[in-house]
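Input: a single structure, listed below in structure tokens.
The values are calculated or read from the model by the stated rules, or taken from the named source; none is laboratory data. These numbers come from a predicted model, not from an experiment. Note: ideal-geometry Cβ built from the backbone for every residue, glycine included; neighbour counts use all protein chains shown. Note: accessible area is taken over every heavy atom of the protein model, side chains too, but ligands, DNA and RNA are not part of it. Shrake-Rupley method; radii C 1.70, N 1.55, O 1.52, S 1.80 Å.
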Amino acid sequence: MNEQGAPPAGADDLMEKVVNLCKRRGFIFPSAEIYGGFRSTYDYGPLGVNMLRNVKNAWWRAMVQLRDDVVGIDAAILSSPKIWEASGHLATFTDPLVDCRNCHERWRADKIGDSCPNCGSTDLTEPRAFNLMFKTHAGPIEDEGAVAYLRPETAQGMFVNFANVLQTIRKKPPFGIAQVGKSFRNEITPQNFVFRTREFEQMEMEYFVPPGEADTWFAYWVEERSRWYRELGIPDDKLRVRHHSAEELSHYSSGTADVEFLFPWGWDELEGIANRTDYDLKAHAALSGERLEYFDQSTGERYVPYVIEPAAGATRTMMAFLLAAYDEDEVGGESRTVLHLDHRLAPYQVAVLPLSKNDALVPLSRQVLSALQPLVMCDFDVTQSIGRRYRRQDEVGTPLCVTVDFDSLEDKAVTIRDRDTTGQVRVPIDALPEEIGTRLV
Ligand code: GAP
């Protein structure tokens with residue numbers, strides 16, 4: 001059970017404002033809205049898809065691109081049920097479910113008190129284990145032999161490909177395998193917008209280490225992963241690390257620390273970093289009959305590596321970045337809403353804005369847009385007054401606006417306006433790509 005801190009003042013308000021902004025500005029829509037929505041599922045709109053991609057790219061850059069000890073894979077979502085038998089998910093991936101005998105709603109016993117949150121009745125059934133795996137059938141015959149499951153975590157893709165990766169990339173422990181992709185859990189009570197949903201995206205890395213080095217690498221990854229959130233704009237007072245108690249540990253873990261964010265409802269998990277020991281490799285080796293171990297040719301030693309796993313949620317993390325970035329301030333006596341998003345996460349890095357709709361400005365504005373599009377994600381907006389358009393860009397977190405005005409036609413220069421300071425500078429168009437590059441580092 002998570003330790004819930006007291007919600008900060010105005011928290012509900014903040015949540016409501018961010019959820020509204022997400023809908024109004026095209027970040028996140030309730031799925032199948034024209035049919036009244038569908039069971040807490042969400043669709044990512046034109047801005048949300050850019051931002052979610054940026055979150056995943058920032059993770060991939062830190063975890064794979066900037067390292068020589070981690071490689072990526074992209075494993076199947078539907079695969080052999082043997083995977084889930086070996087991993088323990090079929091037997092133990094459950095939450096405690098209770099029924100309210102009065103209104104017949106169902107709840108997660110560990111998330112409610114003694115009474116039904118819907119009707120207040122205390123007439124609840126005894127908790128029973130509810131498996132969170134989504135079951136389906138692969139192929140045209142719906143019998144037991146065709147049963148398959150949507151993956152509830154990306155992690156197992158790394159374990160079942162351990163030998164393939166080892167053979168093809170010639171790494172030795174410590175080394176990691178990373179994956180970003182969708183996971184599915186039949187959550188009893190999805191809640192808090194995209195915080196807990198049945199379909200979500202994970203960013204996970206399995207770091208294989210000599211068993212004797214597991215504690216050191218565990219501490220390393222807790223530190224490294226906390227730094228990642230801070231560097232991308234989560235303030236220190238909204239981020240903490242919480243070590244699990246023994247009762248809280250998952251069936252595979254000998255130690256877990258959560259990186260937590262101060263959500264509007266209190267502290268809650270963004271990412272879990274676990275010492276999975278040799279649990280998974282040994283379990284898959286036992287069921288498959290394959291050898292899943294590392295042979296060190298230099299020492300003649302053969303061992304099953306331990307695994308340190310930083311496991312983050314992309315969709316949940318995107319929500320945390322939005323909550324942390326949301327702000328309301330005053331500019332020139334007018335109130336504005338602004339997302340102080342790190343430029344690497346913002347849906348657009350630059351908005352190109354012709355000062356007016358006047359036809360004379362369009363060709364040069366489009367020329368500026370074409371020069372910047374290969375470098376960064378750009379918006380192009382010609383509607384409404386320039387002041388309104390600045391506000392619109394502030395509200396979606398665009399760090400820089402580039403304004404093309406009538407002087408631009410003569411002096412071949414444009415104005416760059418900064419989202420956070422609202423300061424403006426005049427820059428020659430020829431120097432614009434370089435100027436944008438230095439501002440967005
Ligand atoms: N492989 C280990 C694992 O899956 P987890 O703590 O169950 O560990 C890792 O999941 C992360 O995935 C969580 O910290 C969270 O960010 C995200 N996550 C898990 N369940 C989720 C859900 N129902 N909705 C959104 N994100 C979820």
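Give the number of residues within the range 237-260 that are in a strand (DSSP E or B) and in contact with a helix residue (DSSP H, G or I) (Cβ under 7 Å, 6 or more places away or on another chain).
Pass one, the range 237-260, residues in a strand (DSSP E or B): 239-243, 255-260.
Now restrict to residues that are in contact with a helix residue (DSSP H, G or I) (Cβ under 7 Å, 6 or more places away or on another chain): 239, 241, 255, 257, 259.
So the answer is 5.
Within the range 292-316, count every residue that is part of a loop (DSSP other than H, G, I, E, B) and either within 16 Å of the ligand (Cβ to nearest atom) or closer than 13 Å to LEU166 by Cβ (or both). Reasoning before the result, please.
Residues of the range 292-316 part of a loop (DSSP other than H, G, I, E, B): 292-293, 297-300, 304-305.
So of that shortlist, the ones also either within 16 Å of the ligand (Cβ to nearest atom) or closer than 13 Å to LEU166 by Cβ (or both) come out as 292-293, 297, 304-305.
Qualifying residue count for the region: 5.
For (1) within 35 Å of the chain's Cα centre (by Cα); (2) among the polar types (S, T, N, Q), each residue gets a yes or a no:
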site: ALA351; (1), (2): yes, no
site: VAL362; (1), (2): no, no
site: ARG366; (1), (2): yes, no
site: SER370; (1), (2): yes, yes
site: VAL382; (1), (2): yes, no
site: ARG417; (1), (2): yes, no
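Acidic (Asp, Glu), under 22 Å from GLU290 (Cα atoms), surrounded by 18 or more Cβ atoms within 10 Å (Cβ to Cβ) and in contact (Cβ under 8 Å) with a residue 60 or more places away in the chain: which single residue out of GLU201, GLU206 fits that description? Full working, then the answer.
On the way: GLU201 fails: under 22 Å from GLU290 (Cα atoms).
Being acidic (Asp, Glu), under 22 Å from GLU290 (Cα atoms), surrounded by 18 or more Cβ atoms within 10 Å (Cβ to Cβ) and in contact (Cβ under 8 Å) with a residue 60 or more places away in the chain holds for just one of GLU201, GLU206, which is GLU206.
Does the range 55-73 include one or more residues that are under 30 Å from THR125 (Cα atoms) and surrounded by fewer than 16 Cβ atoms within 10 Å (Cβ to Cβ)?
First, the residues of the range 55-73 that are under 30 Å from THR125 (Cα atoms): none.
Within the range 55-73 (the criterion being under 30 Å from THR125 (Cα atoms) and surrounded by fewer than 16 Cβ atoms within 10 Å (Cβ to Cβ)), the answer is no, since none of the residues qualifies.
Residues to consider are GLU328, GLU309; find the one that is under 30 Å from VAL241 (Cα atoms) and free of Cβ contacts under 8 Å to residues at least 24 places away in the same chain.
Details: GLU309 fails: free of Cβ contacts under 8 Å to residues at least 24 places away in the same chain.
Only one candidate passes the filter, namely GLU328.
What pairs come up if the first residue lies in the range 186-197 and is open to solvent by less than 30 Å² (accessible area, probe 1.4 Å), the second is among the hydroxyl-bearing types (Ser, Thr, Tyr) and within 7 Å of the ligand (Cβ to nearest atom), and their beta carbons are under 9 Å apart, counting only those six or more places apart or on different chains?
Listed by first residue and then by second, the contacts come to GLU187/THR197; PRO190/THR197; VAL194/THR315; PHE195/THR315; THR197/THR315.
Please determine whether any residue of the range 331-345 is of a type outside the set (A, V, I, L, M, F, W, C), open to solvent by 10 Å² or more (accessible area, probe 1.4 Å), touching a residue at least 40 places away in the same chain (Cβ under 8 Å) and in contact with a Gly (Cβ under 6 Å, 6 or more places away or on another chain).
Checking the range 331-345: at least one residue is of a type outside the set (A, V, I, L, M, F, W, C), open to solvent by 10 Å² or more (accessible area, probe 1.4 Å), touching a residue at least 40 places away in the same chain (Cβ under 8 Å) and in contact with a Gly (Cβ under 6 Å, 6 or more places away or on another chain).
Kindly provide the set of residues from the range 262-285 that are of a type in the set (D, E, K, R), more than 22 Å from ARG316 (Cβ to Cβ) and surrounded by fewer than 21 Cβ atoms within 10 Å (Cβ to Cβ), ordered by number.
Taking the range 262-285 and keeping what is of a type in the set (D, E, K, R), we get 268-269, 271, 276, 278, 280, 282.
Those still in the list that are more than 22 Å from ARG316 (Cβ to Cβ) too: 278, 280, 282.
ASP278, LYS282 - these are the residues of the range 262-285 that are of a type in the set (D, E, K, R), more than 22 Å from ARG316 (Cβ to Cβ) and surrounded by fewer than 21 Cβ atoms within 10 Å (Cβ to Cβ).
Looking at (1) away from the ligand (no atom under 14 Å from the Cβ); (2) surrounded by 19 or more Cβ atoms within 10 Å (Cβ to Cβ); (3) farther than 30 Å from ASN118 by Cβ, can you tell me which one ALA257 breaks?
In the conditions (1) away from the ligand (no atom under 14 Å from the Cβ); (2) surrounded by 19 or more Cβ atoms within 10 Å (Cβ to Cβ); (3) farther than 30 Å from ASN118 by Cβ, ALA257 misses (1) alone.
Would you confirm, using the coordinates I've provided, whether THR216 is part of a loop (DSSP other than H, G, I, E, B), open to solvent by 10 Å² or more (accessible area, probe 1.4 Å) and hydroxyl-bearing (Ser, Thr, Tyr)? Steps first, answer last, please.
Numbers: part of a loop (DSSP other than H, G, I, E, B): no; open to solvent by 10 Å² or more (accessible area, probe 1.4 Å): yes; hydroxyl-bearing (Ser, Thr, Tyr): yes.
No: the conditions fail for THR216.
Out of the residues in the range 147-185 that are in a strand (DSSP E or B) and β-branched (Val, Ile, Thr), which is most open to solvent (accessible area, probe 1.4 Å)?
Kept after step one, since they are in a strand (DSSP E or B), are these residues of the range 147-185: 147-150, 175-184.
Adding the requirement that they be β-branched (Val, Ile, Thr) leaves 147, 177, 180.
Details: VAL147: 15, ILE177: 0, VAL180: 34 Å².
So, considering only residues that are in a strand (DSSP E or B) and β-branched (Val, Ile, Thr), the one most open to solvent (accessible area, probe 1.4 Å) is VAL180.
What number of residues within the range 184-223 satisfy the criterion of being within 16 Å of the ligand (Cβ to nearest atom), over 13 Å from the mean Cα position of the chain (by Cα) and under 23 Å from TRP60 (Cα atoms)? Step through it out loud before you land on a result.
Going residue by residue through the range 184-223, those that are within 16 Å of the ligand (Cβ to nearest atom) are 184-208, 218, 221-222.
Right, trim to over 13 Å from the mean Cα position of the chain (by Cα) and you get 184-193, 198, 205-208, 218, 221-222.
If we keep only those that are under 23 Å from TRP60 (Cα atoms) as well, we get 184, 205-208, 218, 221-222.
Count: 8.
How do the helices (runs of 4 or more DSSP H) wholly within the range 337-441 filter down when requiring 3 or more residues that are within 29 Å of ALA58 (Cα to Cα): which remain?
Values: elements: 362-372, 386-395, 406-411, 432-439.
Filter on the range 337-441 gives 362-372, 386-395, 432-439.
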